[in-house]
Structures are given as C-alpha cells and as structure tokens.
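Undergrad: Here it is, the structure in full.
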Amino acid sequence: MENIQHKVVIITGASSGIGEATAKLLAEKGAKVVLAARREERLHAIVNEIKASGGEAFAVKADVVSAEDMQNVVKLALGEYGRIDVWVNNAGIMPSSRMNELRVEEWDQMIDVNIKGVLYSIAAVLPVMREQESGHIINLSSTSGYQVSPTSAVYAATKFAVRAISEGLRLEESATSGIRSTLIAPGLTKTELFDSITSPEVQAMANQISGMGISPNGIARAIAFAINEPDDTLISEIMVRPTAL
Ligand code: NDP
C-alpha cells in the first residue's frame, strides 16, 4: 500500500495551478484532501471533479493572510477526519517589478501571502502534529528561493524566507517530534501565477517565456513522491525545472 493512501492532506492555494494539480493527484492516490483558498466556486468545482472520480475531498474558503482562517481550516479538517497528516503551504503570489518602481503595496502583499501565510499555517497545524507525534509540512519555495534576478528581488526574498522557515522547521522538529519538513522549489510552471504581475515590463518578459514552463502536474508528482516516502525517510528539498530553460 502506498504511504499516501488514507492520509489527510491540506493544501493552501488549491483553487488553481500547482495546488489544484496536487489535490487531484493526491486524491487519485487515495489521500483525503482539504482544499483551501479564497475562490470558493473554483474550489467546489475541483472538489466535485475529485468526488466524481471516486476521491475524497472538501473545500474551505480561507485567506492565508488571516491566522484565524488557518485555525478554522485545522478545526474543520479535524472535525471531518480526526487528524492532519500533511499540510502543503502552496498559496503564493508573484507581482514582480523593479525596486525603483516602489510598488510598496505589492511588496506588502507578497510578504503577507508568501511569508506570513506560511507562518500562520504552521502556527495552526504544528501543535496538532506535535500532539499526534507525526506529520509532514511541505513548503513551496522556487528557484527564486536560490537565485535573484532583476525584477524578482521582493518575490525572491519571500521564497528565500520560505526556504529558511522550512529548514528551521526540519532542524527543530524532525529528530524530536518526527514531523517532516520538505521544501519544493519549482522552476517556471504554467499556471495563473503570472496574472498577478502589474508591471508592464515584467508582463512582457513573462509573456515571452511562459510557454516554456512545465505542467503543474510535474510539481504535483514531486510533492506526491515526498509524501509517499516511508516515515523514516525525509525528503528535505526537491527542485523541479523545465528542461527547456
Ligand atoms: P496560481 O496563481 O495558479 O495559484 C496560486 C494559488 O494561491 C491560487 O489557488 C490562489 O487561490 C492562492 N492564493 C493566493 N493568495 C491567497 C491567499 N491570500 N489566501 C489563500 N490562497 C491564496 O500559481 P501557482 O500554482 O504557480 O503557485 C503555487 C505556488 O508555487 C506559489 O507559492 C508560487 O510562488 C510557487 N511557484 C510557482 C512557480 C511558477 O512558475 N508557476 C515557480 C516557482 C514557485 P485564490 O486566489 O482562490 O485564493
């Protein structure tokens, strides 16, 4: 039996892209999936699709910027399934721009969603996993969590931060409480992430390369691999790049 089967998995940002692909793949492999994001209608459509294929899932409308919403996701998941085995910190935005454009509001949004969202999620689920003496937290960084390029400074800063948080969590938890922490670092992936770009310069750059991205299914497979490893095996980092870039 695969280690994924019957696991209760929560995925933030499951209404599109990598989160949606991951929810569908994990449900296909027998996980019970909780899909969280703000666009409720899209979540319900995906849940219906999963159920129609024989999978088990439910949707929770939640904003990762709200610590209360994250607590509520935990409460609902525990109410439905009694435990939480895996939490995938996937929700993210990328309104990239040059620093001198001073898009301070977008810097705030990226810091809120990409960093605080991960921290609020950890704050909600870590006590539950410690109580269970098991669990797995998967954090979506990026190749931008390793390398900065012009226009990516703030987004990259958030993804460097996710890397630090994931590694810190692993160092503190794995040996003591058995909770696994995995960093997933995708390269360019064909999703709606680029829709959040408002800088015309970055939009033009994104339009040139977006077709070269990989399918979100490629990232979903990496996440499934990390979850499926036996409990004594911790996949700490996986980077997945498009062959063409
Ligand atoms: P998408 O835009 O398709 O998905 C992002 C998801 O995040 C959506 O489901 C969105 O749902 C959710 N989201 C955004 N803000 C919030 C919020 N405040 N609260 C809850 N959910 C939120 O992009 P991807 O699938 O590409 O992105 C997934 C992750 O992968 C991100 O962390 C991204 O940084 C990372 N990544 C993506 C790469 C790529 O090239 N696509 C490369 C490297 C990393 P909703 O709007 O309904 O809330």
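Undergrad: Looking for something of a type outside the set (A, V, I, L, M, F, W, C) and over 20 Å from ALA206 (Cβ atoms) - is there at least one such residue anywhere in region 138-150?
TA: Yes: one or more hits.
Undergrad: A follow-up question, please. Condition test on MET70, is it part of a helix (DSSP H, G or I), within 22 Å of ILE18 (Cα to Cα) and either out of contact with any His (no Cβ under 7 Å at 6 or more places or on another chain) or not polar (S, T, N, Q) (or both)?
TA: In short, yes.
Undergrad: What are the residues in region 48-92 that are within 9 Å of the ligand (Cβ to nearest atom) and in contact with a strand residue (DSSP E or B) (Cβ under 9 Å, 6 or more places away or on another chain), if any?
TA: LYS61, ALA62, ASP63, VAL64, ASP69, ASN89, ASN90, ALA91, GLY92
Undergrad: Would you confirm whether or not region 128-138 contains a residue that is surrounded by 16 or more Cβ atoms within 10 Å (Cβ to Cβ), under 30 Å from ALA244 (Cα atoms) and out of contact with any Phe, Trp or Tyr (no Cβ under 6 Å at 6 or more places or on another chain)?
TA: Yes.
Undergrad: Going by the conditions given, is GLU106 among the acidic types (Asp, Glu) and surrounded by fewer than 17 Cβ atoms within 10 Å (Cβ to Cβ)?
TA: no
Undergrad: Right, something else. Restricting to region 24-44, count the residues that are more than 10 Å from the ligand (Cβ to nearest atom) and part of a helix (DSSP H, G or I).
TA: 6
Undergrad: Something else now. Inspect region 94-113 for any residue being within 11 Å of the ligand (Cβ to nearest atom), of a type outside the set (D, E, K, R) and closer than 16 Å to MET70 by Cα and give the result as yes or no.
TA: yes
Undergrad: Restricted to region 1-33, and to residues that are among the charged types (D, E, K, R) and out of contact with any strand residue (DSSP E or B) (no Cβ under 7 Å at 6 or more places or on another chain), which residue is farthest from ALA57 (Cα to Cα)?
TA: GLU2
None of the figures in this text is laboratory data; all of them are computed from the coordinates on show. This one's a predicted model, so the numbers in the text were calculated from it and none came from an experiment. Heads up, the Cβs are rebuilt from the backbone with ideal geometry, glycines too, and the neighbour counts pull from every protein chain shown.
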